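Input: a single structure, listed below in structure tokens.
The values are calculated or read from the model by the stated rules, or taken from the named source; none is laboratory data. Bear in mind that the values here come from a model prediction, so they are computed numbers and not experimental data. Here Cβ is always computed from backbone atoms with ideal geometry, including for glycine, and neighbour counts include all displayed protein chains.
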Amino acid sequence: MANGKNGKKKSRKKIIWIAIGSIILLLILKTVVCGKKVPGIMVQTEKAAKRDITQLVSATGIINPVYQVVITPEVTGEIVELPVKEGDRVKKSQLLIRIKPDSYVAARDRAKANLDSALATLGMKKIEKDYIESNYKRTQQLFREGISNQQELERMESDLASSIAQYEAQQAFVQQAQATLKEANESLNKTTLYSPMDGTVSKLNVELGERVLGSGFSQGTDLMTVADLGKMEAIIDVDENDVVLVSIGDSAKIELDAFKNLTYNGKVTQIANSAKTTAAGTQEEAVNFAIKIALNDFNAQVRPGMSCNADIEVETKANVLAVPIQSVTARSEEEPGAMEQPAANGELIAGKSSKKKQAKPKEVVFVVDKDAVAMKEVKIGISDNEFIEVISGLKEGDEVVSGPYRAISSELKDKAKIMLEAKTKDGKNKKKN
């Protein structure tokens with residue numbers, strides 16, 4: 001019996017030791033496997049190379065005709081003739097709108113009658129003046145001959161001066177009546193509106209029989225817009241930090257939201273001198289400048305008001321050292337700061353401190369060094385949508401980390417271990433299994 005019990009105990013101990021050994025072996029295998037699987041941070045890389053870089057300023061805006069005129073009436077009245085409709089082609093001096101002229105005809109006739117009356121009165125005043133002037137000259141002669149006395153001569157002088165004054169006043173009345181008639185004629189002429197240019201009625205806001213307001217005391221009714229659709233431009237809003245880079249004559253590429261696969265060429269023709277501020281006094285405050293870009297070529301389907309995206313080519317450099325734009329990141333080093341210590345008199349003095357303060361961020365890239373990376377400070381220049389110029393800090397052929405973004409922006413440190421993704425035949429990165 002004793003031998004049987006001892007045999008069972010030995011078998012049990014053997015099983016326990018085998019289990020413990022298996023667990024230890026599994027832990028060792030897991031450590032080895034995991035260590036082989038993740039030796040460092042997985043990254044993609046690309047070599048620094050010479051490239052041509054064109055710096056772009058990008059912005060959004062709308063398409064508008066270069067030449068367009070908003071037609072508003074200067075007189076008030078009912079539209080009695082409207083021979084055009086929206087989309088019609090019109091010629092310069094072609095009739096666009098006629099406003100009912102009856103009241104303006106009456107005003108013209110009344111002004112003409114007042115002028116005729118003033119002219120007739122002026123004629124009478126001239127006859128009176130001439131008669132009194134003749135009597136005055138005769139009295140002067142009689143006075144010199146001793147026939148007339150001094151009192152009679154002075155009375156005739158007074159009558160002549162009064163007559164001349166009345167005559168000159170009537171001349172002023174005639175000029176006033178003439179001005180009133182001219183104004184009445186102009187108002188009557190303004191009841192008929194003609195096209196100021198060859199173009200297209202791009203917008204029509206009124207209908208026949210509608211009553212419109214003149215612009216004499218207000219803005220006036222917006223009747224229609226005549227535009228030259230053969231010359232179009234993009235009007236974009238550029239941020240104040242970018243507008244200083246743009247110059248008149250810079251080339252641009254314009255894409256319209258309505259035509260996804262088409263790109264139009266253009267040139268900058270005008271840069272606003274005054275800024276447009278939106279959401280002033282809030283966190284969303286933006287200061288932009290309007291820039292006009294004339295389209296060199298476009299199809300007939302491009303219409304005013306369409307939204308667009310524009311890329312202005314502000315500077316081009318040929319054969320410069322460049323890396324992918326995402327390879328450059330900003331890092332700041334912590335440096336010792338000054339500690340303020342109390343002096344005997346209670347004042348604060350500067351001294352050494354274990355506290356650290358943030359230094360000014362600097363641009364860096366991570367250069368591959370075998371199975372690790374070296375963080376190198378670089379001086380950068382212009383950039384396009386893909387690459388950025390490196391002025392100093394790198395040499396041609398240096399292999400830099402180009403992704404992923406999380407690794408470049410935060411995970412990678414100087415001398416950090418990495419694992420490179422394999423690259424396919426076309427040069428693209430492919431993860432190793």
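When residue 178 is tested against the conditions (1) closer than 14 Å to residue 71 by Cα; (2) surrounded by 14 or more Cβ atoms within 10 Å (Cβ to Cβ), the lone failure is (1). Taking the range 328-433 and the strands (runs of 3 or more DSSP E) fully enclosed by it, the elements with 1 or more residues that are at pLDDT 85 or above are at 329-331, 362-369, 372-377, 379-383, 387-392, 399-403, 418-420.
Of the residues making up the range 101-118, those that are exposed (fewer than 14 other Cβ atoms within 10 Å of the Cβ), among the small types (Gly, Ala, Ser) and under 19 Å from residue 170 (Cβ atoms) are 113, 117. For residue 163, state whether it is hydroxyl-bearing (Ser, Thr, Tyr), closer than 16 Å to residue 97 by Cα and either assigned to a helix (DSSP H, G or I) or modelled with pLDDT under 95 (or both). It is false that residue 163 is hydroxyl-bearing (Ser, Thr, Tyr), closer than 16 Å to residue 97 by Cα and either assigned to a helix (DSSP H, G or I) or modelled with pLDDT under 95 (or both).
Look at the range 199-218: where a residue is part of a strand (DSSP E or B) and a partner is surrounded by 14 or more Cβ atoms within 10 Å (Cβ to Cβ) and among the hydroxyl-bearing types (Ser, Thr, Tyr), sitting 6+ places away or on another chain with Cβ atoms under 8 Å, you get 199/67; 201/225; 202/225; 203/225; 211/76; 212/76; 212/221.
Counting the residues of the range 54-65 that are buried (at least 16 other Cβ atoms within 10 Å of the Cβ) and over 11 Å from residue 291 (Cα atoms) gives 7. Yes or no: residue 250 of a type outside the set (S, T, N, Q) and over 20 Å from the mean Cα position of the chain (by Cα)? So residue 250 does not fit the description; no. Condition check: closer than 30 Å to residue 193 by Cα and of a type outside the set (Ser, Thr, Tyr). Does residue 268 satisfy that? So residue 268 fails the test.
Name the residue that is nearest to residue 83 (Cα to Cα), counting only residues in the range 156-173 that are buried (at least 18 other Cβ atoms within 10 Å of the Cβ) and aliphatic (A, V, I, L, M). Step by step, filter the range 156-173, then rank; the result is 160. Could you tell me whether the range 80-89 includes any residue that is under 21 Å from residue 229 (Cα atoms) and small (Gly, Ala, Ser)? Among the residues of the range 80-89, at least one is under 21 Å from residue 229 (Cα atoms) and small (Gly, Ala, Ser), which makes the answer yes.
If the condition is being of a type in the set (A, V, I, L, M) and more than 27 Å from residue 267 (Cα to Cα), then the range 187-234 contributes 188, 193, 204, 206, 208, 212, 213, 223, 224.
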